[in-house]
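Let me begin by presenting the structure, written as structure tokens, before commenting on it.
We did not get these values from a lab; they are worked out from the coordinates using the rules stated. Values in this document were obtained by computation on a predicted structure and should not be read as measured data. Cβ: placed from backbone, ideal geometry, glycine included. Neighbour counts: every protein chain shown.
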Amino acid sequence: MADLPRASSAALTLVHPTLAEKKHTWTLNSQSWGTALAVDDYLERESYLASIPATRDGGVTHWILTDSTAPAESRPVLACCESLRRRAVISLPGSPTKEVITHGIGSVFCPPAYRGRGYASRMLALLAPILKTWQKEEGECYFSILYSDIGKKYYAGLGWDVFPSAHISLPALAAPVTNGVTTNGTNGVTVNGTNGVHKTKAGARTLTPAEIAPLCALDEQYIGTAVQSTAKHMNKPAVALLADYSTMEWHHLREDFMCDKLFQGKVPTIKGAISSGDKGSRIWTIFTRSFYGPLQDPKSGNVLHLLRLVMEDEQDTEENAQKLKSVLEVAQREAGTWGLAAVEMWNVSPVGKALLERTGLEHKAEEREEESICSLMWYGPGKGGVEGVEWVANEKFGWC
């Protein structure tokens, strides 16, 4: 260890890892992020997620910090991370909305043997300016994002400003017994009728995988409109990631892989819920089941996340409250079906909060202080941070 370079050394460089180096880091970080799976399954998942539509052909880029003077076959991986390219939209005051790209930084990791030396900070300091022009042939990049699991100070000190990081949680509900297949999952969790269709009294119904793409295409328009109106109203730049099908598919393929391993080959075919009503008056959500640890351990924090909540006519009315209630109850039952503790939805709008109060559903609001802290580095004109930039539709779908 005495021969390790200082974090400030000019010999340190940011490069792309070999396959062997990727597998080595995945094995190490499985102890932190892969406790819901066996190590071999975790390694399989990481390799698989690097080859799906959203990540292939440059969709994901792996980075390592290493010593440029070390032999290639034995160079140390001092720190590592990955960046995922995502579609986004931006509107500057007085200018039309335009589509751009952003890069989401994830899986920031420093091997335990190298911690406390500043290597992760050096890696990110090198990466930040690179991402501004990385893959510029795909579009301009006005900002990069990450989601901190180590509080609000560390990444803010490196230039990724903290943005609203609140969520509302609702308890899971017992799933109704249907005519679907009952499958005994691992660790005593029983999945009942998960491939059936839940329909509430108010008319909300479940969404199948085939229904996600057209709703995402429509939502892209809604997000673009919201970004433009926000920039005009707030008189400052407004940005948003697009909740496109590629992003939702990334979450769902990850979810399917986890469920396949945890529930003996059974995967969910219910991917969301939509209320009754004509186009322009509906409420829908697309969700994913998130497994972070053993199924029967309440400390695992396994939850059903609403990736995106869409209200086509966002007004505080009793009709909308009943529609929202019906959609959320589908999500709560799906959470119960899959042994999840709760439903979580991120950064709910003021109208959404008012509607939730009308529903009478039990819920709890929380401002996250340590995990999944939404953070954004601004590359565009003017100053960044919450005072200089408005992040629209800052919901779970953007997480990476």
Roughly speaking, what is the centre-to-centre gap between segment 334-385 and segment 246-279 when only Cα atoms are used, to the nearest Å?
-> 20
Eligible lysines near residue 23 by straight Cα distance, threshold 21 Å, same-chain separation 8 or greater | 261
Candidate cut points under trypsin sites (Lys or Arg not before Pro) in segment 350-396, DSSP loop plus at most 16 other Cβ atoms within 10 Å of their own Cβ, are 383
For segment 38-85, state which trypsin sites (Lys or Arg not before Pro) are in a DSSP loop and have at most 14 other beta carbons lying within 10 Å of their beta carbon.
-> 56
Among 129, 34, 48, pick out the residue whose Cα is farthest towards the positive end of the charge dipole of segment 12-162, where Lys and Arg carry +1 and Asp and Glu carry -1 on C-beta, about the Cα centre.
-> 129
Could you list the GluC sites (Glu not before Pro) in segment 272-359 that lie in coil according to DSSP, counting only those with at most 16 other Cβ atoms within 10 Å of their Cβ?
-> 314
If r is the Cβ-Cβ distance from residue 349 to residue 279 and R0 is 35 Å, what FRET efficiency results, to the nearest 0.05?
-> 0.95
Using the Cα atoms as the points, what is the convex hull volume per residue of the chain in Å³?
-> 141
Residue separation between residue 18 and residue 137 times 0.36 nm, minus their alpha-carbon distance, gives in nm 40.4 nm
